[in-house]
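Since the structure comes first, as structure tokens, the remarks are kept for the end.
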């Protein structure tokens, strides 16, 4: 299981460095961490209160099987980590983005992405995160991170990504 | 169609040949199996002045492209002509057209006066030595000359096939650019043949699935402008838009007009569950029409407004269902192998077009409204989102090619499965919606 989890993490990190979320945690890197001292650079992936740490170390995303929205044991582990982190870092709110691969019709995939995002949200709430900190949105098949037309890419596109922003207290 | 033709009839100065009965030899039954295209000739329209020569040639070219594009007609090239048409009112030399095997002959005249364009045409059944129907005259703007050509072609198509025409119509669609993971989308509108593309939105937000109102004056679509998917209505003439629904914590998508033009049916997702709702545009009143924990989406009204066809995965996979427009018990109509989505009711009311996924392939298909006589028209890596021509005989859809360089484009196909062809667009294109015939 831990190997699988690592694989998921690496996949996530590759994806992050490749595209959409790079700007997000880049923007948040300043001012979101505690005052730095010693080896820990505030806002960097070493700073456990940073979004970079959340995205890379906790893991910002969970993956799904074809046409499924139930959470695998691996996904639940990642979400357990997310819940713990969110409980500790209460200044953050999150939007959970649900996505589907391209093997499906547009409308259905929008609805399927919504199911996936909601499954992750419900799980986080069940682990103690306040509902008003968690919103969901579905992109259906509109925003793939991998663009090949093979299962290797599809597997990474069937995802729910927890995107943080400095929220309740600004 | 008859009313449409009559209302446009302004009358020609000359006496026209009496109408030939439409059960004459010049006839195509487009529901037949494989057919031999009917040869026809469209000489350049006779210009009133030397200044009208070019537009006379352009009009003939578009009329010819409309007819040839159906796959039901084949143009006799002008290089084969024995005689031309130099006088619109002179008797036709049938022998000259028989000799080049032109079964149908379309003649016309064109004159311009300031910004006003006047086109007259006649259709001849060459092998019967007779005119088919009466001559007609259309008047419009010089700028809208292509519409005049489409109206002539619609009349010719209609007289020979007995079906309504579809050339004087438009298509709204999503114009796409950029790679799959950074695709920019904006709404566009064009003539049915790809001419006169205009953009209705910019590409700053994702936009999806535009749908025409029953008279073509407005377009419903989905946009991520506010962050979450929301339904907008846009006035085509003015390019003004407004959001229709903004309930906090929900998203709404997949809108379509009811035939009455003031009710919208759509999907709304709340708490991860997607159901079908209707809204009155004027009052904003929303009514829930399905209440299942499964996905219910892609609703489409029957042309009489009494029923809604939609897709649901309540059985475990995507299938098609029909329910009364007010909601209530739904009847499953798709039973073949695979998954069925994006159902669209034919404007004639007789069929439902759909997207089918089976064994890793996508198909566009049609079936009777009770699910019988399923027929798949296409097969590819990804075909999706059919829309009906105004006469219910042709379907347009989007096809995306496979792989990292995959690109989406528009295609059309007859409901017989014949005449599959790409529709030219300046960039990638998806989510087409065909307008009704224009006034």
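The values are calculated or read from the model by the stated rules, or taken from the named source; none is laboratory data. For clarity, every value in this text was computed on a predicted model and none was experimentally measured. Cβ sites come from the backbone with ideal geometry, for glycine too, and all protein chains shown count toward neighbours.
Within region A:123-134, at least one residue is in a strand (DSSP E or B) and within 14 Å of the chain's Cα centre (by Cα).
One line per residue, one yes/no per condition, for (1) under 19 Å from residue B:207 (Cα atoms); (2) touching a strand residue (DSSP E or B) at 6+ places or on another chain (Cβ under 8 Å); (3) surrounded by fewer than 23 Cβ atoms within 10 Å (Cβ to Cβ); (4) not assigned by TED's automatic domain parsing to the domain that holds residue B:196:
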| site | (1), (2), (3), (4) |
| --- | --- |
| B:382 | no, yes, yes, no |
| B:386 | yes, yes, no, no |
| B:389 | no, yes, no, no |
| B:397 | yes, yes, no, no |
| B:404 | no, no, yes, no |
| B:418 | no, no, yes, no |
| B:421 | no, yes, yes, no |
| B:429 | yes, yes, no, no |
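Looking only at residues in region B:76-87 that are surrounded by fewer than 19 Cβ atoms within 10 Å (Cβ to Cβ) and either touching a residue at least 12 places away in the same chain (Cβ under 8 Å) or in contact with a helix residue (DSSP H, G or I) (Cβ under 9 Å, 6 or more places away or on another chain) (or both), the one that is nearest to residue B:122 (Cα to Cα) is B:87. Here residue B:98 meets each of (1) at pLDDT below 95; (2) touching a helix residue (DSSP H, G or I) at 6+ places or on another chain (Cβ under 6 Å); (3) more than 22 Å from residue B:136 (Cβ to Cβ) with one exception, condition (1).
In the set A:71, A:79, A:65, only one residue is under 15 Å from the mean Cα position of the chain (by Cα), over 19 Å from residue B:222 (Cβ atoms) and outside any helix (DSSP H, G or I); that residue is A:71.
The condition of being part of a strand (DSSP E or B), within 14 Å of chain A (Cβ to nearest Cβ), touching a residue at least 12 places away in the same chain (Cβ under 8 Å) and touching a strand residue (DSSP E or B) at 6+ places or on another chain (Cβ under 9 Å) does not hold for residue B:226. Within region B:378-397, can you find the residues that are more than 12 Å from the chain's Cα centre (by Cα) and either away from chain A (no Cβ under 14 Å) or in contact (Cβ under 8 Å) with a residue 40 or more places away in the chain (or both)? Result: B:378, B:379, B:384, B:385.
Within the set B:342, B:355, the sole residue that is in contact with a helix residue (DSSP H, G or I) (Cβ under 7 Å, 6 or more places away or on another chain) and within 12 Å of chain A (Cβ to nearest Cβ) turns out to be B:342. Figure legend. Inter-residue proximity from region A:135-149: first residues at the interface with another protein chain (Cβ under 7 Å from one of its Cβ atoms), second residues in a loop (DSSP other than H, G, I, E, B), beta-carbon distance below 6 Å, spacing 6+ or different chains. Indicated pairs: A:137/B:228; A:142/B:206; A:145/A:19; A:147/B:404; A:148/B:404; A:149/B:402; A:149/B:403.
Of the residues making up region B:178-190, those that are in a strand (DSSP E or B) and within 14 Å of another protein chain (Cβ to nearest Cβ) are B:184, B:185, B:186.
Is region A:64-74 home to any residue that is farther than 24 Å from residue B:297 by Cβ and crowded, with 20+ Cβ neighbours inside 10 Å? Within region A:64-74 (the criterion being farther than 24 Å from residue B:297 by Cβ and crowded, with 20+ Cβ neighbours inside 10 Å), the answer is no, since none of the residues qualifies. Restricting attention to region A:87-109 and to residues that are in contact with a helix residue (DSSP H, G or I) (Cβ under 7 Å, 6 or more places away or on another chain) and under 27 Å from residue A:167 (Cβ atoms), the residue that is farthest from the other protein chains (Cβ to nearest Cβ) turns out to be A:92.
In region B:69-152, counting only strands (runs of 3 or more DSSP E) that sit wholly within it, the ones holding 1 or more residues that are more than 29 Å from the chain's Cα centre (by Cα) span B:104-113.
From the list B:208, B:244, B:234, B:220, the lone residue that is surrounded by fewer than 19 Cβ atoms within 10 Å (Cβ to Cβ), in contact (Cβ under 8 Å) with a residue 24 or more places away in the chain and within 30 Å of residue B:428 (Cβ to Cβ) is B:244. Taken together, B:306, B:334, B:372 contain a single residue that is within 14 Å of chain A (Cβ to nearest Cβ) and over 19 Å from residue B:434 (Cα atoms), which is B:334.
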